[in-house]
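In what follows, a structure is listed as structure tokens, so that the remarks can point back to it.
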Amino acid sequence: AQSVTQLDSQVPVFEEAPVELRCNYSSSVSVYLFWYVQYPNQGLQLLLKYLSGSTLVESINGFEAEFNKSQTSFHLRKPSVHISDTAEYFCAVSSNTGNQFYFGTGTSLTVIP
Amino acid sequence: GAGVSQSPSNKVTEKGKDVELRCDPISGHTALYWYRQSLGQGLEFLIYFQGNSAPDKSGLPSDRFSAERTGGSVSTLTIQRTQQEDSAVYLCASSSDRPRSGNTIYFGEGSWLTVV
């Protein structure tokens, strides 16, 4: 089975500052990695995902994440955040052998004006 | 449909009553998932359907919880004799194929259940 750890439950950051949301996973098999975002009072939406190939993946709104196999990490970064980025962010993992998506407990990002 | 549709969006029920939550996945999606999201608890896996069968229902918390899927489409999650600890948002998600293919899952907006 796999598991996901998001160490930071809450991350406050000032507008236009950089941010990193940490995600670590454990798995004995090859994994697929995802970041989902949940804006207030909305459902979860896919932000970006890693399946294979280039370890750096990007979203359309400026977020990026890098798959690091040796550190079993998939941290999410943005060089300059906006107020509209305030949301809950979930890291998730699935594998080529399992039936589940495993989610972390989420990181609440609050962007301060 | 265009997205995953869940109903009701909000449900308040008395302790001890049964509730049914409905999920209509994206058309053509064979895989369907139920998750529970409690305040500060993240997403808790409940059950996974592939077609009409449930190869993984390991996350159902007790025998008061059951789910079915008919016609490879709509799914119903039933909670019998509800308890206050069942209060949570119940999320349904679907994907075009099983997780081992690296498919993305798409979520509905959830059914918010409050047991009083």
Exercise: per-residue mean of other protein chain Cβ atoms within 10 Å, A:99-108: 6
Principal axis dimensions, largest first and in whole angstrom, of chain A by Cα: 44, 28, 23
Shielding score for A:32-43, defined as the mean number of other chain Cβ atoms within 10 Å: 3
Under the Karplus curve 6.51 cos²θ - 1.76 cosθ + 1.60, θ = phi - 60°, whole-Hz ³J(HN,Hα) for the range A:90-106, x wherever Gly or Pro sits: 10, 9, 9, 9, 9, 9, 8, 10, x, 10, 10, 9, 9, 10, x, 7, x
Cut-off 15 Å between beta-carbons: net charge of the residues surrounding A:SER80, Lys and Arg +1, Asp and Glu -1: -4
In order through the range B:7-24: 3J(HN,Hα) via Karplus (6.51 cos²θ - 1.76 cosθ + 1.60), integer Hz, x for Gly, Pro: 8, x, 6, 9, 9, 10, 9, 7, 3, x, 7, 8, 10, 10, 10, 10, 9, 10
Per-residue HN-Hα couplings for the range B:58-72 [Karplus 6.51, -1.76, 1.60; θ = phi - 60°; Hz; x = Gly/Pro]: 5, x, 4, x, 7, 6, 7, 9, 8, 8, 9, 9, 10, x, x
Placed amide H near A:LEU48: partners under 5 Å, 5+ positions off or other chain: A:TRP35
Using a Förster distance of 41 Å, the FRET efficiency for A:ASN96-B:LYS15 (Cβ separation, nearest 0.05): 0.45
Selection of trypsin sites (Lys or Arg not before Pro), the range A:31-113, meeting DSSP coil and at most 10 other Cβ within 10 Å: A:LYS69
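Quick note: the coordinates plus some simple rules give every number you see, no bench work behind them. Only a predicted model underlies this, so the values are computations on that prediction, with no experimental measurement involved. Every residue, glycine as well, gets a Cβ built from its backbone with ideal geometry; the counts of neighbours run over all protein chains shown.
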